[in-house]
Amino acid sequence: MSGVVADRARVKEAFEQPTLSLLHQGHAPVVIAVFRSAFSREVPAVPAARLHEMVEAFLAELRLSGLADREVPAGSGRGLCRKWVSDQWLIRSPTEDGTEQYTLTSHAQDALRLVEQLTRERATLSEHRIATILEQVRRFNRVANPDRAARVNILDAEIGRLTRERDRLLAGGDMPAVGADYMLQGFSELTELVAGLPSDFARVSESFTTLRDQIFVSLRGEDRPAGQTVDEYLRQADSLEEATPEGRAFKGAFDLLRDQVLVEQLREDIADLLDHPLAGDILTDSDRADLRGTVSMIRRGMSRVIVERGRATSALKEFITTYDRTRDRELDATLRALESEITVWMLRGGPKTRVPVSLLPAEIEVSLLRERFHDAETSAPPPPLVDVSADQPAAPSMRELLMQGGPSLDALRARLSTLGTSGAPDSAGGLFRGFPNALRRPVEIYGLLHLATNTDALAVTEETEVYDTVRPDGSRRSLEVPKIVPAHGPATAGADDGTTAAVSADGDAERTRSGNDSPHRDERREESA
């Protein structure tokens with residue numbers, strides 16, 4: 001019998017993997033195009049809210065380009081991202097600042113890598129490929145051969161070949177030029193090797209996540225002590241680097257980055273290859289950027305693995321410190337007791353027997369329930385105030401207080417009563433120019449406008465005039481104010497008691513007696529003043 005049945009089972013299992021399920025679905029071209037546009041080697045993670053907006057913008061752009069609705073997945077950006085997370089194409093993880101971000105899984109990166117290889121020019125059989133195979137087999141045999149003499153012979157042959165080449169170059173021998181096909185094949189293999197590293201690092205970080213979930217299940221479901229489960233986790237974490245190809249790749253990268261000499265050598269070799277005269281015709285700008293960022297990409301991949309390993313360890317530590325196995329056992333015993341009691345009751349009760357069950361617990365009568373308890377910090381009296389009586393400023397005089405106050409309405413009302421009379425200015429602005437400095441503060445203008453608005457004998461026109469004001473400190477300021485003129489002859493804005501007010505040069509208000517006032521009334525006013 002042939003092995004077609006077993007092959008079919010293996011192929012079916014492969015198609016169930018997230019990588020092939022991504023490539024085999026109907027919307028695969030759109031989804032992969034969105035992933036390639038949103039993620040790159042320089043941008044391995046995208047904030048969650050940002051990716052939701054980008055997905056909606058990309059899909060709208062594809063629809064405008066002429067794609068039919070059946071060729072574009074339906075749904076919002078948030079809904080599609082959540083679906084892709086459940087399909088194991090995206091990972092949603094928290095960041096240090098409390099937000100969330102999306103990263104591609106190793107399955108999605110493998111799919112993008114395969115598409116990238118298919119879009120590139122396929123490499124054919126060449127001298128470089130054969131030489132690479134021979135060199136790889138030779139190096140593999142040198143490391144894995146169990147025969148000591150065979151290893152020594154291999155090393156001697158390699159040392160002799162390199163020595164002869166070195167002596168020939170030092171003697172001025174010809175340097176054979178490398179053809180364009182050889183360089184193209186070399187760069188193709190190099191970019192392919194570098195492109196596979198991000199997915200390898202992603203697999204290692206996902207392995208730690210899977211291991212963490214397995215440990216949680218073991219802690220919840222097994223009866224053995226937690227210490228044994230933790231020991232098993234530590235053993236698996238230590239062996240993870242050696243048990244899988246991804247772990248070995250991570251260990252190799254870690255060893256490489258610990259050797260600063262090798263890191264500098266890698267940088268120099270890549271720089272020399274990119275400076276080759278034929279590199280400009282073979283590599284695109286994106287290929288050159290990818291090769292230049294090889295060391296940075298390896299560092300980011302290692303950081304991601306280390307962060308995921310630390311996150312798994314922290315989650316395991318928190319679970320162990322907060323997990324109460326005794327409480328879980330008591331709950332399990334209580335549930336089993338309830339189940340046994342229900343079984344006994346079912347044997348006695350009929351099919352229509354009812355049991356009253358309250359949905360909420362009964363109210364508890366509490367005579368006094370304290371809401372606040374003694375707190376030494378809140379119960380302590382406030383600290384005493386600092387005595388600043390020695391530094392207190394001098395008390396202002398009454399004149400200074402008046403100069404800093406609001407408008408002098410009584411004095412202004414008395415002045416406005418003369419507006420429009422014989423020999424007086426025809427506007428409040430002209431009248432204002434003759435006021436003493438005490439009545440020419442900027443705030444007095446508000447008093448003039450207030451009195452003009454509330455007096456029928458005065459009118460505020462649309463024309464303006466300039467008021468030259470004087471502040472209490474002596475500084476001046478010119479203000480442009482609507483013009484105030486008499487409405488019907490001379491304005492009568494005096495007080496109701498028949499008196500008029502005048503302001504002396506020093507700013508003190510004085511009252512003059514009208515013809516109907518008596519001297520006794522003046523004396524009473526002076527006493528009250």
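Just so you know, all these numbers are worked out from the coordinates, no wet-lab data involved. Being a predicted model, the structure only gives us computed values, none of them experimental. Quick reminder, even Gly has a Cβ in these numbers, built from the backbone with ideal geometry, and neighbours come from all protein chains shown.
Please name which of LEU439, TYR467, ALA452 has its Cα lying farthest along the dipole of the stretch 438-483 towards the positive end, using unit charges on Cβ (Lys, Arg +1; Asp, Glu -1) and the Cα centre as origin. Toward the positive end, the furthest listed residue is LEU439.
The simple Förster model, with R0 at 60 Å and r as the Cβ-Cβ distance, assigns ALA149 and GLN17 a FRET efficiency of 0.85.
Here the extension length gained between ARG139 and ARG477 equals 112.4 nm, from 0.36 nm per residue of separation less the Cα-Cα distance. I need the shape label for the stretch 4-109. Rule: rounded when a/c is under 1.5, else prolate if a/b > b/c, else oblate, with a, b, c from the alpha carbon gyration tensor. Oblate shape, in that a/c is at least 1.5 and b/c is the bigger or equal ratio.
Length available on full extension from ASP167 to ALA33: 0.36 nm per residue minus the Cα-Cα distance, which gives 43.0 nm. Counting only Cα atoms, the size of the stretch 402-492 along its three principal axes is 38, 25, 24 Å, in decreasing order.
Could you tell me which of rounded, prolate or oblate describes the stretch 367-419, using a ≥ b ≥ c as the square roots of the eigenvalues of the alpha-carbon gyration tensor, with rounded for a/c under 1.5 and, failing that, prolate when a/b is larger than b/c and oblate otherwise? Judged from the Cα gyration tensor, the stretch 367-419 comes out oblate (a/c at least 1.5, b/c at or above a/b).
As a calculated quantity, the FRET efficiency between THR464 and GLU53 at R0 = 56 Å, using C-beta atoms, amounts to about 0.55. Suppose R0 equals 30 Å. What FRET efficiency, 1/(1 + (r/R0)^6) with r the Cβ-Cβ distance, do THR453 and THR421 give to the nearest 0.05? That pair, THR453 with THR421, gives E of 0.90.
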